Protein chains: 4
Amino acid sequence: MISPQPYKWFLETTTAVEGHMHAIRRTLVEAQTKFQHVEIIETHSYGKCLILDGRIQSSQADEFIYHEALVHPGMLTVDHAPETALVIGGGEGATLREILRYPSIRRAVMVDIDDEVVALCRQHLPEMHQGVFDDPRTEVRHEDARAWLEKTRERFDYVSIDLTEPLEEGPAALLFTREFYTLVRDRLTADGTMTMQAGMTKVGELTFFTAVHRTLRDVFPVVAGYQSFISCYGTPWGFITASKRVDPVRLDVPAVDRLMAERVRGTLGYWDGVTHQHAFALPRHVRKAIDAETRISTDAAPLVFL
Amino acid sequence: MISPQPYKWFLETTTAVEGHMHAIRRTLVEAQTKFQHVEIIETHSYGKCLILDGRIQSSQADEFIYHEALVHPGMLTVDHAPETALVIGGGEGATLREILRYPSIRRAVMVDIDDEVVALCRQHLPEMHQGVFDDPRTEVRHEDARAWLEKTRERFDYVSIDLTEPLEEGPAALLFTREFYTLVRDRLTADGTMTMQAGMTKVGELTFFTAVHRTLRDVFPVVAGYQSFISCYGTPWGFITASKRVDPVRLDVPAVDRLMAERVRGTLGYWDGVTHQHAFALPRHVRKAIDAETRISTDAAPLVFL
Amino acid sequence: MISPQPYKWFLETTTAVEGHMHAIRRTLVEAQTKFQHVEIIETHSYGKCLILDGRIQSSQADEFIYHEALVHPGMLTVDHAPETALVIGGGEGATLREILRYPSIRRAVMVDIDDEVVALCRQHLPEMHQGVFDDPRTEVRHEDARAWLEKTRERFDYVSIDLTEPLEEGPAALLFTREFYTLVRDRLTADGTMTMQAGMTKVGELTFFTAVHRTLRDVFPVVAGYQSFISCYGTPWGFITASKRVDPVRLDVPAVDRLMAERVRGTLGYWDGVTHQHAFALPRHVRKAIDAETRISTDAAPLVFL
Amino acid sequence: MISPQPYKWFLETTTAVEGHMHAIRRTLVEAQTKFQHVEIIETHSYGKCLILDGRIQSSQADEFIYHEALVHPGMLTVDHAPETALVIGGGEGATLREILRYPSIRRAVMVDIDDEVVALCRQHLPEMHQGVFDDPRTEVRHEDARAWLEKTRERFDYVSIDLTEPLEEGPAALLFTREFYTLVRDRLTADGTMTMQAGMTKVGELTFFTAVHRTLRDVFPVVAGYQSFISCYGTPWGFITASKRVDPVRLDVPAVDRLMAERVRGTLGYWDGVTHQHAFALPRHVRKAIDAETRISTDAAPLVFL
């Protein structure tokens, strides 16, 4: 049993009228960076958790679900074994970790504006990054992702967008617009893919997910939404893969399993052919909400979460 | 906006160290029956919620997910259009509602020991039962389900077990044992099916689900677990279909959609062919936990939740 | 023990960073009146509680402390046995109840703008009002207290101000200004007194209390602050007596006890000579905060709480 | 404003159905010692707080109230300027700090069994101890207080008992019994006094306070209970002074102020003559509860809190 009775709680209000509660075991670090408030706590139920501006980003116990879900659908859908990858955000290093499981990857760039968050994750969350920051294929840049995308001439087989949802207009909101996604598309190779986390998909709170989905459809010929349970969030979570022509939905169970056997080193905990089928087969009410959505986020009128 | 600021909260601790929070708008009714504490509250996020012994059972906003998930996989898998059904538990009447969508059903028996809960649901949750208690095909019995199953000679094409998980040894725990499931099996027609709700499937809290799954495999030739997000629970939820020979997993997307078009009246919100595929394609870590489970609940050593 | 485990909680945030928690047993009534949100709940610890706009006003278990503290210091300080009294606010009827303990009272007017709150208290809180609304000496008026004070020519031996603190500018804030207190003073008899509740006196949250105290000193020759623990608030509470010449602080323990024996019918739970001494002997840090205060609330610049 | 919104909360349940909430700013240290769980957090409302086994002991913002209330009534009541003092418990060093304000003190022994708690307080709470551990008059011993009292031949003018209430039978409960208090009495000089903290005095939760009071009356000729608001606890708190012949209640306001001017160095925040009067003038319901109490804690049947 727990002794003493848990008395410190992380109360994450996912909306003004709903929330999720975690008993806190201890706090490893907290700091205010130039960009955000960061904290790494250890909970009784999920181990270490990264919290940015009061919102839980990932937990030791179930980050394998989040990060495998974020990366593999995109990486597997590229026609050829992907060689170059870009991570936008992704402070913990776990997105990079999943990408570097592919021996075909020879260059992986991570652009996360907040060097302090990355440094704290590197120090306190070795279980998550597992040394990827020292991988010779890795290049970490701490600058504005949009500015960097605008100036670079590089093309990537895979781009992962691992950013928190914008709560107000400002620079963060400009990483979720049609213009930004156009930039991303133009930096993809012909059969390249991008995947992104795209917010809650729980009943009544689907609107960020569907608006991002609709915005992407204005930019990419192929857009496929999927979802995974993130237990530590207390809510299902939406993700989206987009590309110029390759489509993850066309991959059946054996195809995914065969591609994983060919391309991925090591054994995953969450993703495989059956999970691929599970995640992309969205429940009916989610599909209907996607179909009904008309909003497009633009630089002139950027989408804000909540 | 909400005025005043929400100040009444339903804090449901799903474990001793984790919970879900709902702001309460108002309380419709609360009572102590012979068997349990019952309450129907209205939350800001999910509308009316039925709460038994402090645990949320269903909410107005997402009960369609729970009840469609509980009923249709079983009803659709029966070889012929099902004619008789039994609901064990199912106080709200919504399980019955989904069953009675099938015009082929000519008799539906519901055995819920707690007449007071059923009466309160009938009065306060018309959105859920939608008048099924007045359907001429319905027979509601308030008695011990196991005793009734032991004495009845009836056979059913479909049995739905909609009971809360037992928190301690006692009569409730005896509705989750090998002996009880044997009784259920023996009351099924040759191609009959049963489905049941089987507890949380979130990371670290899979053990009730896997033990029930294992117990059922000792009794039924075909056992298929599946899961659905129940947003108001703040955790994914497991269900299981079992039968003597028919298998829901063999139904592909078009087959489910065709069977639903043939058998089901009206339009569902959650279940269809794609959702069927989604739900039965369990994520890898859930499949692995099922495979690793060895515990069997018996009358001599009944399984207790948590 | 409590069964089931308490799961409904009243979380009253007394500031943005501090609060008090009460497990809710049941809700007796809730309504939105023309003026405020009202709710009467039953808590495990304090029995029935009246809640206005999310803030607890009084509880069955300790309202004797609040209402005795609000009334008796003023009533006892009047030179003669008081004959007329006015209650401004006071929805529960318990303020009136304490006043009517004095057989010398022949007329008690209560002006509470919210007839719906009064009706709900009358119906659901008989333990508090104890039938005072049917006392022939009582007159209840549902109108704006300030407007009524402006037009009446009556004089009162005692005035009780039992209003919630204003959270924003508007009519409520105009019941805490120098101009309003001047009106009150002018409706007192020569040796009449007023008492009022005046907000928290906990460390760091004394500013409403001290500002009201300072404002009153601009209007009344005699102003005496005192405090009482209100357990159900989770914070000490300030009160103030003011008058044109009589002073509660001059009453020593035997004097209070003698006056109570002469004037008050029945036995009180909280107030007597020793409690009088306790309450008016403010701790040093509270006295220092009163001395340091310079703000005065006026109609032109009304004080707002928090 | 607070940014981000407070999301970490210290939820202290003072009973199973009531609690106090503090938003946590950060955690300075947490550890499990041989004896207890210790944590020093910083709250938004009260600054640094010491928490032992999940219960708040003192806060930076209002510990002056707790520690002045604990020490001065005893120290001032000794007939002569006290020269020797003993603190039982008192980890933060703040009890010692108040004692060492008396230049007449030439020796102050503190016996706190938990050297790790004392070391952590010494490191992290300099605002509380203000260097007293380095005062040449101080002797700190880390051993069982009862065993030490049994073997020592020393006599003290003043003894302060600053221990947490025992939650279960065991060594801690044996520091609240008649036999233990007899030991304390026998180590006092002829006009020596002891004071102790004695638990909550809120409505409905007075039973620990009254039972300790009753137990002390079996041992000491003079026993005087008093109370102070401890804002960070969210509940009023009881203290008791006991002696062989001197009585704090006999000291009137000028006497206390004169004694403080003579004996105490520096200016206090809470205690003075008026506060003395405030604290010892217990409200009527508290006095009645004391009078009605019959329980005595003994080694054979020790009192347990709650």
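Taken together, the values in this text are just the output of simple stated rules run on the coordinates, not laboratory data. Just so we're clear, the structure is a prediction, and the values are computed from it rather than from any experiment. Every residue, glycine as well, gets a Cβ built from its backbone with ideal geometry; the counts of neighbours run over all protein chains shown.
Assorted remarks:
- Normalised by residue number, the volume inside the convex hull of the Cα atoms of the stretch C:206-265 is 110 Å³ per residue.
- A full extension of the chain between B:THR13 and B:GLU169 corresponds to an added length of 54.1 nm, given 0.36 nm per residue minus the alpha carbon distance.
- Seen from B:GLU63, the other residues with C-beta closer than 12 Å to its C-beta sum to a net charge of -4, counting Lys and Arg as +1 and Asp and Glu as -1.
- Helix content alone sets the calculated 222 nm mean residue ellipticity of chain B: runs of n ≥ 4 DSSP H residues at -39500 (n - 2.57) each, divided across all residues, give -8500 deg cm²/dmol.
- 28 Å Cα-Cα threshold exceeded, pairs from A:LYS8/B:LYS8; B:LYS48/B:LYS151; C:LYS202/D:LYS48: B:LYS48/B:LYS151
- Relative to one another, the C-alpha centroids of the stretch D:37-54 and the stretch A:269-299 are positioned 44 Å apart.
- The rotation axis taking chain C to chain B passes closest to the C-beta of one chain C residue; that residue and the distance in whole Å read C:THR27, 2.
- Computed from the Cα positions only, the extents of the stretch B:1-160 along the three principal axes stand at 54, 33, 32 Å, in decreasing order.
- Modelled FRET efficiency - R0 51 Å, C:HIS80 with B:GLN123, Cβ distances, 0.05 increments: 0.30
- In the frame of its principal axes, the stretch D:60-133 has Cα extents of 36, 25, 17 Å, reported largest first.
- Only beta bridges with both residues in chain A are counted; by DSSP, about 65 percent of them are antiparallel.
- Other residues lying with their Cβ under 10 Å from the Cβ of C:MET128 contribute a combined charge of 0, Lys and Arg counting +1, Asp and Glu -1.
- Divide the volume of the convex hull around the Cα atoms of the protein assembly as shown by the residue count and you get 193 Å³ per residue.
- Other copies of D:GLY131: label-to-label distances in nm, shortest first, labels 7 Å along the beta-carbon direction: 5.1, 6.9, 8.5
- Projected onto planes of every orientation and averaged, the convex hull of the alpha-carbon atoms in chain D covers 15.4 nm².
- Average beta-carbon neighbours from other chains, 10 Å sphere, peptide D:225-232: 4
- Global form of the stretch A:9-59, assessed from the alpha-carbon gyration tensor, a/c cut-off 1.5: oblate
- For the stretch C:164-289, the Kirkwood radius over C-alpha pairs fed into Stokes-Einstein at 25 °C and 0.890 mPa s yields D = 157 µm² per second.
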